[in-house]
Amino acid sequence: MKKNKFLLIVMVLFIVPIQKITAQYYFYDNATYNTPLMFEIGASVGVMNCLTDIGGKAGLGKKFVKDLNIGNNQINGGLYFTATYKEAVAIRIEGTFGSVKAYDSILKDVQLTTPRYNRNLSFSSKIAEISAVAEFYPLFIFVNWASREDYPPNYSPYLIGGIGYYTFNPQTVLNGRVIDLQPLSTEGQGFAEYPDRKPYKLQQINFPIGAGIKYELSPNLNVRAEFLYRILTTDYLDDLSTRYIDQSLFSKYFSGAKLADALAVNDRRRTDPKYPINPLGGQIRGKATNNDAYFSFNFKIGYNFGREKINKHPKYNY
């Protein structure tokens, strides 16, 4: 008997809040109304690019997006699931798959970029990411549509912020072969002679931020255009960050084919009398003051479920 009473109390405590939630709604149109909690599943396709130490725009190097090479855009896509509360705030889980690349050879014959061109490095990397982000919709946060007689607009801009987990693997082409760069310690990562240069992990955390706009095609279907920038905690997305090392050290840690590959990809500089090469290292290879980043611009299409027809609501059951 006591057990039955306890179960009854639990059921009441659970059902009453749900009844309060489902009682709150506003009309989406003449035929449907919004419930407070709605869901969406969808897919996206777009382009992905990066900002790293390698390459850049075919011109004099500048800061941030001014040094972006649009020609390096790569296709990316993904799937997502979103839970939205009162169309004002949403939590989204998303998987994204794409790739990035950059190369110094784009800077050929560009005045004042000769050192970068002569560095002669290139990289590409596949990206796999899962993220959890929050979406914020100002038109619904600051406007109470339930108290208005007109319907909300079909479009809605939103802001994005969250956390992600991604994998990458910088590679380059050497004598027609695609080789992984991270195991070769191209800047002495993990060498005792460079204790401050730790091996970087190929699975890391990032912080996506961005903005988008959503347009409702129907009560169940919407499309979006969205820009998402990933703040990274590494400068080694392109396997490049700081200065050249003493090449003789590679034979201390590697041998055979791995040693040959490490020596070849560590220093691929073109011969130029104005920029002599010091085999003992110390010369600038990359710029460690700024971490790398990658970003995407995507079009999304989503299917909504959670809206109800008016004649299903008890108050309008006719």
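Just so it is clear, none of the values below were taken in a lab; they were calculated from the coordinates. Small disclaimer: the values here were computed from a predicted structure and weren't measured. Positions of Cβ are backbone-derived with ideal geometry, glycine not excepted, and every protein chain shown enters the neighbour counts.
For this structure, a couple of remarks:
- The range 86-110-the range 191-205 distance, computed between alpha-carbon centres (Å): 24
- Segment T114..Y253, full-extension length gain: 46.8 nm, with 0.36 nm per residue of separation and the alpha-carbon distance subtracted.
- Put a dot 7 Å past the Cα of I209, heading toward its Cβ, do the same for Y303, and the two dots end up 3.5 nm apart.
- Out-of-range pairs (alpha-carbon distance over 19 Å; input K126/K287; K201/K252; K126/K258; K198/K252; K108/K274): K126/K287; K201/K252; K126/K258
- Taking only the C-alpha atoms of the range 149-294, Rg followed by Dmax gives 22.2, 77 Å.
- Phi to ³J(HN,Hα) by Karplus 6.51 cos²θ - 1.76 cosθ + 1.60 over the range 80-89, Hz, x for Gly, Pro: 8, 9, 10, 10, 10, 9, 6, 6, 9, 9
- Solvent-free Debye scattering, log10 I(q)/I(0), computed from the Cα coordinates of the range 224-290 at q = 0.11, 0.27, 0.29 Å⁻¹: -0.40, -1.25, -1.30
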